[in-house]
Structures are given as structure tokens and as C-alpha cells.
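Worksheet for the structure shown next.
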Amino acid sequence: MPPAQSKAQQKAAGAALSAKRGETKVGDLQGASKEMYDDMSEEELEELASTDRSDLPDRK
């Protein structure tokens, strides 16, 4: 899995990962983070969420 391509993607992955771990409610997820929660493993989400944000554009 490649690193996140934008800050928005990195943030959505973080939200989905939080829900996967039971730290937040799945019902609170919207849009891309909900799709990521349904389609990706915790390991994949962790990799995207851990991408360094400093060099990423806001959106891709």
C-alpha cells in the first residue's frame, strides 16, 4: 500500500482506524473514512494514517 496522497486521505484513514480499534463510533464515520473502514484492514489503515503530513497537499 502506498503512503497517503493527501492530508484529507491521511485524516480519513486515521478516523477509520480509530473506529476499527473501537476508539470512536463507526456511526460517526462519513464519506471516505466510512468506505475505508469497510474496505481496508487495520494494517492498511495504519500505514495510510501514519504518513508524514508535512509534504502532502491538502487534497489530491
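The values are calculated or read from the model by the stated rules, or taken from the named source; none is laboratory data. What you are looking at is a predicted structure, and each value in this text was computed from that prediction instead of being measured. Every residue, glycine as well, gets a Cβ built from its backbone with ideal geometry; the counts of neighbours run over all protein chains shown.
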Please verify whether the range 40-53 includes one or more residues that are more than 10 Å from the chain's Cα centre (by Cα), of a type in the set (Lys, Arg) and at pLDDT below 95. yes
So which residues in the range 1-38 are hydroxyl-bearing (Ser, Thr, Tyr) and touching an Asp or Glu at 6+ places or on another chain (Cβ under 7 Å)? 6
Can you tell which of 19, 4, 15 is surrounded by 14 or more Cβ atoms within 10 Å (Cβ to Cβ), within 21 Å of residue 56 (Cα to Cα), at pLDDT 95 or above and of a type outside the set (Ser, Thr, Tyr)? 15
Every residue in the range 32-41 that is surrounded by 12 or more Cβ atoms within 10 Å (Cβ to Cβ) and in a helix (DSSP H, G or I), please. 32, 33, 34, 35, 36, 37
